[in-house]
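The values are calculated or read from the model by the stated rules, or taken from the named source; none is laboratory data. Fair warning: this is a prediction, and the values are worked out from it, not measured in the lab. As a convention, Cβ positions derive from the backbone with ideal geometry for all residues, glycine included, and neighbour counts pool all protein chains shown.
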Amino acid sequence: MKKIVSVLLFFAVSMAFAQSKNARTSLVVDGVCGMCKERIEKASIKTKGVKSSIWNVETHELKLIYNAKKADLGEVKQNILAVGHDVNDLKASDEAYNSVHACCRYRDEAVKDDHKNDK
C-alpha cells in the first residue's frame, strides 16, 4: 500500500512540476493582414522555448505559450521588432519597418483603411 501511495504522490508532483514550466502571456503587436500574421508568428516561434504563437489580426493580440525556464520574452520582442512590427510600446526600426511588403505598412493610414474591408 505504501508503494502505491508513493508512486501516486510522485506522479502528482511530477505532473505539477511539468505544468509549471509552461507560461502564457499576451503582447500587442501592430500589423494589418495575413502576411503580417505569418511574419509575426514565425518570428516569435523561432525563439527557443516558445511553444505556441497565435496573432489575431483584428485585436493585434499575440498569445504565447512558452517554457518559462528556456524562453526570454525580451528575445521574442526583439525577433518581432527585427521583422518590422511594433511590440507593445517598442517601435521597430525604420529599416526593419520599411522591409515589410507595401500592403503591410501598418503605420500608413491609407493601408489601414484598405484593410478595413478585409474583415
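Which members of the stretch 62-76 meet the condition of being closer than 13 Å to Lys46 by Cβ and within 8 Å of the chain's Cα centre (by Cα)?
Correct list: Leu64, Val76.
Restricted to the stretch 64-85, and to residues that are in a loop (DSSP other than H, G, I, E, B) and out of contact with any Phe, Trp or Tyr (no Cβ under 8 Å at 6 or more places or on another chain), which residue is surrounded by the fewest Cβ atoms within 10 Å (Cβ to Cβ)?
Lys69
Could you tell me whether Val28 is surrounded by fewer than 17 Cβ atoms within 10 Å (Cβ to Cβ) and modelled with pLDDT under 95?
no
What is the number of the single condition among (1) modelled with pLDDT of 95 or more; (2) over 15 Å from the mean Cα position of the chain (by Cα); (3) not hydrophobic (A, V, I, L, M, F, W, C) that Gln19 does not meet?
All conditions pass for Gln19, except number (1).
Could you give me the residue pairs with C-beta distances under 6 Å whose first residue belongs to the stretch 84-113 and is on the phi > 0 side of the Ramachandran plot, whose second residue is surrounded by fewer than 11 Cβ atoms within 10 Å (Cβ to Cβ) and in a loop (DSSP other than H, G, I, E, B) wherever it lies, and which are 6+ apart or on separate chains?
The qualifying pairs do not exist here.
Quick test for you: out of Val28, Val57, pick the one residue that is under 24 Å from Ala110 (Cβ atoms), in a strand (DSSP E or B) and touching a His at 6+ places or on another chain (Cβ under 9 Å).
Checking each option against the conditions leaves just Val28.
So for the stretch 43-55 (the condition being in contact (Cβ under 8 Å) with a residue 40 or more places away in the chain and either closer than 20 Å to Lys91 by Cα or touching a helix residue (DSSP H, G or I) at 6+ places or on another chain (Cβ under 9 Å) (or both)), does at least one residue qualify?
Yes: one or more hits.
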